[in-house]
Amino acid sequence: MLFKIPSIERLIHELSRLPGIGEKSAQRLAYFILKNKEDFPEKLSLALQSLRTNVSVCKTCYNYTEITDICEVCDSSSRSRKQICVVEEAFDIAKIEAYGKFRGLYHVLGGSLSPLHGVGPDNLKIKELLKRLEASKTDGNPVEEVILALDADLEGDTTALFIAKQLEGQGIRVSRLAYGIPFGSDIDYIDNRTLGKAFENRVELECHL
Ligand SMILES: [Zn+2]
(Lines give C-alpha, C1' and ligand atoms only; values in the text may rest on other atoms or scores of the structure.)
Protein backbone atom coordinates (compact mmCIF):
# COMPACT_ATOMS: atom_id res chain seq x y z
CA MET A 1 0.00 0.00 0.00
CA LEU A 2 1.16 3.53 -0.88
CA PHE A 3 2.46 5.46 2.12
CA LYS A 4 0.39 8.62 2.64
CA ILE A 5 0.74 11.54 5.04
CA PRO A 6 -2.77 12.65 6.10
CA SER A 7 -1.98 16.40 6.40
CA ILE A 8 -0.41 16.51 2.95
CA GLU A 9 -3.27 14.48 1.46
CA ARG A 10 -5.79 16.86 3.03
CA LEU A 11 -4.01 19.88 1.54
CA ILE A 12 -3.84 18.22 -1.89
CA HIS A 13 -7.56 17.45 -1.66
CA GLU A 14 -8.44 21.09 -0.82
CA LEU A 15 -6.12 22.52 -3.49
CA SER A 16 -7.51 20.24 -6.18
CA ARG A 17 -10.94 21.85 -5.62
CA LEU A 18 -9.57 25.06 -7.17
CA PRO A 19 -10.57 25.67 -10.80
CA GLY A 20 -7.99 24.51 -13.31
CA ILE A 21 -6.02 22.59 -10.66
CA GLY A 22 -5.83 18.87 -11.25
CA GLU A 23 -4.42 16.23 -8.91
CA LYS A 24 -0.86 16.66 -10.27
CA SER A 25 -0.84 20.48 -9.93
CA ALA A 26 -2.37 20.18 -6.44
CA GLN A 27 0.47 17.86 -5.46
CA ARG A 28 3.08 20.26 -6.80
CA LEU A 29 1.48 23.19 -4.92
CA ALA A 30 1.22 21.20 -1.71
CA TYR A 31 4.91 20.25 -1.81
CA PHE A 32 5.84 23.86 -2.57
CA ILE A 33 3.90 24.99 0.52
CA LEU A 34 5.52 22.24 2.56
CA LYS A 35 8.98 23.29 1.43
CA ASN A 36 8.22 26.87 2.48
CA LYS A 37 6.30 25.97 5.60
CA GLU A 38 8.17 28.40 7.85
CA ASP A 39 6.45 31.48 6.43
CA PHE A 40 4.18 30.66 3.46
CA PRO A 41 1.26 28.87 5.21
CA GLU A 42 0.89 31.73 7.70
CA LYS A 43 0.95 34.41 5.00
CA LEU A 44 -1.50 32.44 2.87
CA SER A 45 -3.80 31.90 5.80
CA LEU A 46 -3.74 35.63 6.70
CA ALA A 47 -4.55 36.53 3.07
CA LEU A 48 -7.48 34.10 3.08
CA GLN A 49 -8.79 35.40 6.40
CA SER A 50 -8.62 38.99 5.19
CA LEU A 51 -10.59 37.95 2.12
CA ARG A 52 -13.25 36.49 4.35
CA THR A 53 -13.54 39.42 6.73
CA ASN A 54 -12.87 42.43 4.53
CA VAL A 55 -14.26 41.63 1.10
CA SER A 56 -17.96 41.88 0.32
CA VAL A 57 -20.13 42.54 -2.72
CA CYS A 58 -20.88 46.08 -3.94
CA LYS A 59 -24.54 46.94 -3.36
CA THR A 60 -24.78 48.68 -6.73
CA CYS A 61 -22.82 46.68 -9.29
CA TYR A 62 -22.13 43.35 -7.49
CA ASN A 63 -18.39 43.66 -8.02
CA TYR A 64 -16.23 42.84 -4.99
CA THR A 65 -15.37 45.64 -2.62
CA GLU A 66 -13.08 45.93 0.39
CA ILE A 67 -14.46 47.34 3.67
CA THR A 68 -16.98 49.72 2.03
CA ASP A 69 -20.51 48.83 0.80
CA ILE A 70 -19.96 50.54 -2.54
CA CYS A 71 -16.98 49.64 -4.72
CA GLU A 72 -14.28 52.04 -5.84
CA VAL A 73 -15.63 52.28 -9.41
CA CYS A 74 -19.23 53.04 -8.39
CA ASP A 75 -17.96 55.54 -5.85
CA SER A 76 -15.61 57.35 -8.21
CA SER A 77 -16.70 60.79 -9.42
CA SER A 78 -14.44 60.50 -12.46
CA ARG A 79 -16.39 57.58 -13.97
CA SER A 80 -19.15 58.26 -16.49
CA ARG A 81 -22.66 57.30 -15.32
CA LYS A 82 -23.88 57.11 -18.92
CA GLN A 83 -22.41 53.70 -19.74
CA ILE A 84 -22.77 50.41 -17.91
CA CYS A 85 -20.62 47.49 -18.98
CA VAL A 86 -22.32 44.19 -18.12
CA VAL A 87 -20.00 41.26 -17.34
CA GLU A 88 -20.60 37.65 -16.33
CA GLU A 89 -18.07 37.45 -13.50
CA ALA A 90 -16.31 40.01 -11.29
CA PHE A 91 -12.89 38.94 -12.56
CA ASP A 92 -13.87 40.09 -16.08
CA ILE A 93 -13.76 43.65 -14.71
CA ALA A 94 -10.05 43.35 -13.89
CA LYS A 95 -9.36 42.50 -17.53
CA ILE A 96 -11.38 45.45 -18.85
CA GLU A 97 -9.79 47.79 -16.30
CA ALA A 98 -6.32 46.59 -17.36
CA TYR A 99 -7.24 47.57 -20.90
CA GLY A 100 -7.82 51.03 -19.41
CA LYS A 101 -10.04 52.67 -22.02
CA PHE A 102 -13.48 52.12 -20.47
CA ARG A 103 -14.47 54.92 -18.09
CA GLY A 104 -18.07 53.95 -17.31
CA LEU A 105 -19.57 51.71 -14.62
CA TYR A 106 -20.02 47.94 -14.40
CA HIS A 107 -22.67 45.41 -13.55
CA VAL A 108 -21.80 41.83 -12.62
CA LEU A 109 -24.45 39.25 -13.55
CA GLY A 110 -22.87 36.37 -11.65
CA GLY A 111 -22.94 34.00 -14.63
CA SER A 112 -24.85 33.52 -17.85
CA LEU A 113 -28.23 32.08 -18.77
CA SER A 114 -28.02 28.33 -19.20
CA PRO A 115 -31.37 26.53 -19.17
CA LEU A 116 -29.50 23.21 -19.53
CA HIS A 117 -27.73 23.79 -16.21
CA GLY A 118 -30.79 25.27 -14.53
CA VAL A 119 -29.59 28.89 -14.64
CA GLY A 120 -32.53 31.17 -15.37
CA PRO A 121 -32.93 34.99 -15.26
CA ASP A 122 -33.75 34.88 -11.54
CA ASN A 123 -30.39 33.27 -10.76
CA LEU A 124 -28.54 36.25 -12.25
CA LYS A 125 -28.52 39.95 -11.35
CA ILE A 126 -30.66 40.88 -14.37
CA LYS A 127 -33.61 42.26 -12.41
CA GLU A 128 -31.13 44.35 -10.42
CA LEU A 129 -29.67 45.72 -13.68
CA LEU A 130 -33.12 46.73 -14.92
CA LYS A 131 -33.91 48.40 -11.58
CA ARG A 132 -30.60 50.24 -11.72
CA LEU A 133 -31.33 51.53 -15.23
CA GLU A 134 -34.82 52.59 -14.17
CA ALA A 135 -33.43 54.41 -11.12
CA SER A 136 -30.87 56.24 -13.26
CA LYS A 137 -33.75 57.86 -15.18
CA THR A 138 -35.16 59.45 -12.05
CA ASP A 139 -31.88 60.53 -10.48
CA GLY A 140 -31.18 62.87 -13.39
CA ASN A 141 -28.27 60.85 -14.76
CA PRO A 142 -29.85 58.37 -17.16
CA VAL A 143 -27.76 55.50 -18.53
CA GLU A 144 -27.46 55.90 -22.30
CA GLU A 145 -25.66 52.70 -23.22
CA VAL A 146 -25.44 49.16 -21.91
CA ILE A 147 -22.35 47.36 -23.20
CA LEU A 148 -22.65 43.60 -22.99
CA ALA A 149 -19.14 42.20 -22.44
CA LEU A 150 -20.31 38.60 -22.31
CA ASP A 151 -18.57 35.41 -23.37
CA ALA A 152 -18.76 34.52 -27.06
CA ASP A 153 -20.55 31.22 -26.49
CA LEU A 154 -24.11 29.91 -26.54
CA GLU A 155 -24.84 31.05 -22.96
CA GLY A 156 -23.35 34.48 -23.63
CA ASP A 157 -25.49 34.82 -26.79
CA THR A 158 -28.65 33.75 -24.92
CA THR A 159 -27.96 36.21 -22.09
CA ALA A 160 -27.21 39.08 -24.49
CA LEU A 161 -30.45 38.48 -26.42
CA PHE A 162 -32.48 38.23 -23.23
CA ILE A 163 -31.14 41.51 -21.83
CA ALA A 164 -31.48 43.28 -25.21
CA LYS A 165 -35.14 42.15 -25.33
CA GLN A 166 -35.81 43.50 -21.82
CA LEU A 167 -34.38 46.88 -22.80
CA GLU A 168 -36.27 47.17 -26.06
CA GLY A 169 -38.02 50.52 -26.54
CA GLN A 170 -36.42 52.11 -23.45
CA GLY A 171 -34.22 54.46 -25.43
CA ILE A 172 -31.05 52.81 -24.13
CA ARG A 173 -28.44 51.77 -26.67
CA VAL A 174 -27.49 48.12 -26.20
CA SER A 175 -24.18 47.06 -27.68
CA ARG A 176 -22.08 43.95 -27.50
CA LEU A 177 -18.32 43.61 -27.75
CA ALA A 178 -17.33 42.69 -31.31
CA TYR A 179 -15.73 39.32 -31.69
CA GLY A 180 -14.05 37.57 -34.53
CA ILE A 181 -10.55 36.59 -35.51
CA PRO A 182 -8.06 36.92 -32.63
CA PHE A 183 -5.21 39.31 -33.35
CA GLY A 184 -2.22 37.60 -34.95
CA SER A 185 -4.03 34.43 -36.01
CA ASP A 186 -4.31 32.76 -39.42
CA ILE A 187 -7.71 32.37 -41.08
CA ASP A 188 -7.08 28.70 -41.84
CA TYR A 189 -6.82 27.92 -38.11
CA ILE A 190 -10.09 29.62 -37.18
CA ASP A 191 -13.18 27.50 -36.46
CA ASN A 192 -16.32 28.05 -38.56
CA ARG A 193 -18.31 29.77 -35.80
CA THR A 194 -15.57 32.33 -35.11
CA LEU A 195 -15.11 32.95 -38.82
CA GLY A 196 -18.89 33.38 -39.21
CA LYS A 197 -18.96 35.93 -36.39
CA ALA A 198 -15.96 37.74 -37.89
CA PHE A 199 -17.89 38.05 -41.15
CA GLU A 200 -20.98 39.39 -39.35
CA ASN A 201 -18.89 41.93 -37.45
CA ARG A 202 -16.79 43.04 -40.40
CA VAL A 203 -15.91 46.75 -40.45
CA GLU A 204 -15.64 49.14 -43.35
CA LEU A 205 -12.07 49.93 -44.38
CA GLU A 206 -11.30 53.58 -44.65
CA CYS A 207 -8.91 54.26 -47.51
CA HIS A 208 -7.52 57.75 -47.66
CA LEU A 209 -5.40 57.76 -50.80
ZN1 LIG B 1 -19.87 48.88 -7.58
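For this structure, a couple of remarks:
- Filtered residues of segment 158-209 (kept if surrounded by 13 or more Cβ atoms within 10 Å (Cβ to Cβ), of a type in the set (S, T, N, Q) and farther than 24 Å from Tyr106 by Cβ): Thr194
- Lone unmet requirement of (1) in contact with a strand residue (DSSP E or B) (Cβ under 7 Å, 6 or more places away or on another chain); (2) away from the ligand (no atom under 12 Å from the Cβ); (3) among the charged types (D, E, K, R) for Glu42: (1)
- Residue in segment 68-87 that is in contact (Cβ under 8 Å) with a residue 60 or more places away in the chain, within 16 Å of the ligand (Cβ to nearest atom) and among the hydroxyl-bearing types (Ser, Thr, Tyr) present: no
- Options Arg28, Arg10, Arg103, Arg79: the member that is under 30 Å from Pro121 (Cα atoms) and out of contact with any Ser or Thr (no Cβ under 6 Å at 6 or more places or on another chain): Arg79
- Verdict on Glu14 being modelled with pLDDT of 95 or more, assigned to a helix (DSSP H, G or I), among the charged types (D, E, K, R) and at negative phi: yes
- Any hit, segment 132-148, residues being loosely packed, with under 13 Cβ neighbours inside 10 Å and touching a residue at least 40 places away in the same chain (Cβ under 8 Å): yes
- If only residues of segment 120-131 that are in contact (Cβ under 8 Å) with a residue 24 or more places away in the chain, surrounded by fewer than 19 Cβ atoms within 10 Å (Cβ to Cβ) and in contact with a helix residue (DSSP H, G or I) (Cβ under 9 Å, 6 or more places away or on another chain) are counted, the one that is farthest from Cys61 (Cα to Cα) is Pro121.
- When residues of segment 57-82 are limited to those that are in a loop (DSSP other than H, G, I, E, B) and among the β-branched types (Val, Ile, Thr), the one surrounded by the fewest Cβ atoms within 10 Å (Cβ to Cβ): Ile67
- Complete set of residues in segment 8-30 that are more than 16 Å from Leu48 (Cβ to Cβ) and of a type in the set (Val, Ile, Thr): Ile8, Ile12
The values are calculated or read from the model by the stated rules, or taken from the named source; none is laboratory data. Computed from a prediction, not measured in an experiment: that's the story for all the values here. Note that each Cβ is placed from the backbone with ideal geometry, even for glycine, and that neighbours are counted across all protein chains shown.
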